[in-house]
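Taking it in order: structure first as structure tokens, then the write-up.
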Amino acid sequence: MDRVGLVTSIRYDQLLLLSKENANFAPPNRRPCPLYMLSYHRDRILAAAQEIAREIPNLEGDRGLDAFAAQIHAHVAGAQDDDEEALKVRFVVSPSGQIGVTSTKIPPVPQSALFPRALDDVLKAKPSFRIFISPIRTTPTFSTRHKTTDRSAYSQVRSVLPDEDDEDLPSEILMVNKKGDVMEGSITTPYFNHSGTWITPAASSGGHLGVTKRWALERELCDEGFVSMNSIQVGSLGERVILSNGARGFGWGRVEPLMAL
């Protein structure tokens, strides 16, 4: 743990300047804000640091949030070719406290995919993922409970995915712990509609408390619970699962059989 960097990946999108809700996540002097759920991204880094007793004083408090935003804006100013393009900005705090910021272009999404009124509304859009269940059981660690530079568990489960054949429909794989419960997705938080209620895997299953998961729970769009891999419908009429993360927002896909491919 002493050797891992602490990470968050945040969406930079001019569309967010139109969102009053998103402005609430930024310091007052940076509203409106093109950074998606800014304060929640800062909070996840500090939560990871607290668990391993690592101090990051330059990110704490209102001044730290402003400094966090300023570093991302400075990077974007030099990286963006077009003001209208959306970016996934990866922010890393190294074990020595050094800050690293990189970015890649990501597809546009409507504002409704970033702040849905209800999770059922997400299903009104076209599917945005193919979803599979990992045949590999993952042991929860610090680096599955928090986002870090140690991606070994995620790389292992993603290694069994089929080759990508549709750039607009990326593949996601649901990670499963030793008990057979879903922990999270390899790049997303999943939500399952079981018995009429949207359920996202409980923190004790071993996955992240991602920023979009935190938002959905606080807005009471879903509950936490245990989701057994055996309870998920797979096949031509596979279960519709909603997925979210701090760069893409909310989307969905059907669960497909992995071994048949």
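Figures for the structure shown
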{"read-out": "Residue pairs meeting the criteria (Cβ under 7 Å; at least 6 apart or on separate chains; first free of Cβ contacts under 8 Å to residues at least 24 places away in the same chain, in segment 9-25; second of a type in the set (Gly, Ala, Ser) and not in a strand (DSSP E or B))", "value": "Phe25/Ser39"}
{"read-out": "Output for segment 1-34, where each listed residue is crowded, with 19+ Cβ neighbours inside 10 Å and either of a type in the set (Ser, Thr, Tyr) or over 30 Å from Ser96 (Cβ atoms) (or both)", "value": "Thr8, Ser9, Tyr12, Asp13, Leu16, Asn22"}
{"read-out": "Condition check for Thr200: outside any helix (DSSP H, G or I) and either at pLDDT below 95 or in contact with a Cys (Cβ under 8 Å, 6 or more places away or on another chain) (or both)", "value": "yes"}
{"read-out": "Among (1) touching a residue at least 24 places away in the same chain (Cβ under 8 Å); (2) part of a loop (DSSP other than H, G, I, E, B); (3) of a type outside the set (A, V, I, L, M, F, W, C) - the single one Thr144 does not satisfy", "value": "(2)"}
{"read-out": "Yes/no for Met183 being in contact with an Asp or Glu (Cβ under 6 Å, 6 or more places away or on another chain), within 18 Å of Ser231 (Cβ to Cβ) and surrounded by 22 or more Cβ atoms within 10 Å (Cβ to Cβ)", "value": "no"}
{"read-out": "Verdict on Pro95 being part of a loop (DSSP other than H, G, I, E, B), touching a Lys or Arg at 6+ places or on another chain (Cβ under 7 Å) and in the same structural domain as Gln14 (by TED's automatic domain parsing)", "value": "yes"}
{"read-out": "Top-ranked residue in segment 87-100 [being farther than 18 Å from Arg151 by Cβ and more than 16 Å from the chain's Cα centre (by Cα); ranked as surrounded by the most Cβ atoms within 10 Å (Cβ to Cβ)]", "value": "Ile99"}
{"read-out": "Count of residues meeting criterion [part of a helix (DSSP H, G or I), closer than 11 Å to Ala69 by Cβ and modelled with pLDDT of 95 or more] in segment 11-42", "value": "4"}
{"read-out": "Per-region count, segment 222-236, residues over 18 Å from the mean Cα position of the chain (by Cα), not β-branched (Val, Ile, Thr) and not in a strand (DSSP E or B)", "value": "7"}
{"read-out": "Test set (1) out of contact with any Ser or Thr (no Cβ under 7 Å at 6 or more places or on another chain); (2) touching a residue at least 24 places away in the same chain (Cβ under 8 Å); (3) exposed (fewer than 14 other Cβ atoms within 10 Å of the Cβ) - Ile133 fails condition number", "value": "(3)"}
{"read-out": "Filter result for Leu169 (assigned to a loop (DSSP other than H, G, I, E, B), touching a His at 6+ places or on another chain (Cβ under 9 Å) and in the same structural domain as Ile242 (by TED's automatic domain parsing))", "value": "no"}
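One line per residue, one yes/no per condition, for (1) farther than 30 Å from Asn193 by Cα; (2) of a type in the set (A, V, I, L, M); (3) modelled with pLDDT of 95 or more; (4) buried (at least 19 other Cβ atoms within 10 Å of the Cβ):
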{"residue": "Ala67", "(1), (2), (3), (4)": "yes, yes, yes, no"}
{"residue": "Asp82", "(1), (2), (3), (4)": "yes, no, no, no"}
{"residue": "Val122", "(1), (2), (3), (4)": "no, yes, yes, yes"}
{"residue": "Thr139", "(1), (2), (3), (4)": "no, no, yes, no"}
{"residue": "Lys147", "(1), (2), (3), (4)": "no, no, yes, yes"}
{"residue": "Ser152", "(1), (2), (3), (4)": "no, no, yes, no"}
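Residues checked against (1) more than 16 Å from the chain's Cα centre (by Cα); (2) under 27 Å from Val93 (Cβ atoms); (3) assigned to a loop (DSSP other than H, G, I, E, B):
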residue	(1), (2), (3)
Lys178	yes, no, yes
Glu184	no, yes, no
Thr212	no, yes, no
Glu220	yes, no, yes
Gly238	yes, no, yes
Val241	no, no, no
Ala247	no, yes, yes
Pro257	yes, no, yes
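For (1) in a helix (DSSP H, G or I); (2) in contact (Cβ under 8 Å) with a residue 40 or more places away in the chain, each residue gets a yes or a no:
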position: Ala47; (1), (2): yes, yes
position: Arg54; (1), (2): no, yes
position: Asn58; (1), (2): yes, no
position: Ala67; (1), (2): yes, no
position: Ala70; (1), (2): yes, no
position: His75; (1), (2): yes, no
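The values are calculated or read from the model by the stated rules, or taken from the named source; none is laboratory data. The structure displayed is predicted, hence computed values, not measured ones. Here the Cβ is made from the backbone with ideal geometry for all residues, glycine too, and neighbour counts use every protein chain on show.
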